[in-house]
1. Please tell me if THR11 is exposed (fewer than 14 other Cβ atoms within 10 Å of the Cβ) and among the polar types (S, T, N, Q).
2. Having 3 or more residues that are open to solvent by 50 Å² or more (accessible area, probe 1.4 Å) and closer than 27 Å to LEU196 by Cβ is the bar; report the strands (runs of 3 or more DSSP E) wholly within the range 30-141 that clear it.
3. Looking only at the range 112-143, count how many residues are among the hydrophobic types (A, V, I, L, M, F, W, C), over 29 Å from the mean Cα position of the chain (by Cα) and at pLDDT 80 or above.
4. Within the range 98-117, track down each residue that is closer than 20 Å to ALA184 by Cβ and in contact with a Lys or Arg (Cβ under 6 Å, 6 or more places away or on another chain).
Amino acid sequence: MGLMAKTGTTTQGLRAAIERSGYYPALVAEAVEAAVGGEPIRSYLVHQETTFDQNEVRRHVTVLVLTDNRFIVSHTDEQAADSTSPTPYATTSTESVKLGRISSVVVSRVVANPESYAPGTLPREVVLTIGWGAVSRIDLEPAACGDPNCEADHGYTGSSTADDLSLRVSEAGDGPETVRQALAFAQAVSEATAGLDR
């Protein structure tokens, strides 16, 4: 599996990162630039992933852009010819989210040898999850009381989790610079959403 991620703060840098990913750069750049419009870019992250699905190689690119007012997500996937299209094709989509709608920014870090962890050491893996309420997952289970002999129906208990975007980068698959870039982008989003009136 090959992965690539780049981060930065300029329109030209964003275009260059999309081109370096090598994944239909004209298509991806046009979709992202149309979504960004004339807004200045505060930060971005380009993440390209290649997966193997049986006999097929599939590529996917995610572009995340942070402006002063919005968080923009773009996904592009390639598809093999099928019953709807006699030729291979790509699907690209963009979503624009007002910063005030972002309800959570979760950064999960996986570190090796935690007993000897030193501040500033790069995690071996980072998972960035950003939620804004478009997709939620509800996990339910039967509720119970402390009485082991109780047979009453106590209904259900559970939790609701915002899970709109989840992006994983690892030192082994992507290299340490990519992990560093993902952390920098996560910090930029966290800072941009801190203290916003909801």
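1. On the way: exposed (fewer than 14 other Cβ atoms within 10 Å of the Cβ): no; among the polar types (S, T, N, Q): yes.
In short, no.
2. Details: elements: 41-53, 56-67, 70-79, 89-98, 104-110, 125-131.
Here the list reads 89-98, 104-110.
3. Qualifying residue count, the range 112-143: 0.
4. Matches in the range 98-117: VAL110 only.
The values are calculated or read from the model by the stated rules, or taken from the named source; none is laboratory data. Nothing here was measured: the structure is a model prediction, and the numbers come from that model. Ideal geometry is used to build each Cβ from the backbone, glycine not excepted, and the neighbour counts take in all protein chains shown. These area figures cover heavy atoms from the full protein model, side chains too; ligands, DNA and RNA do not enter into them. Shrake-Rupley method; radii C 1.70, N 1.55, O 1.52, S 1.80 Å.
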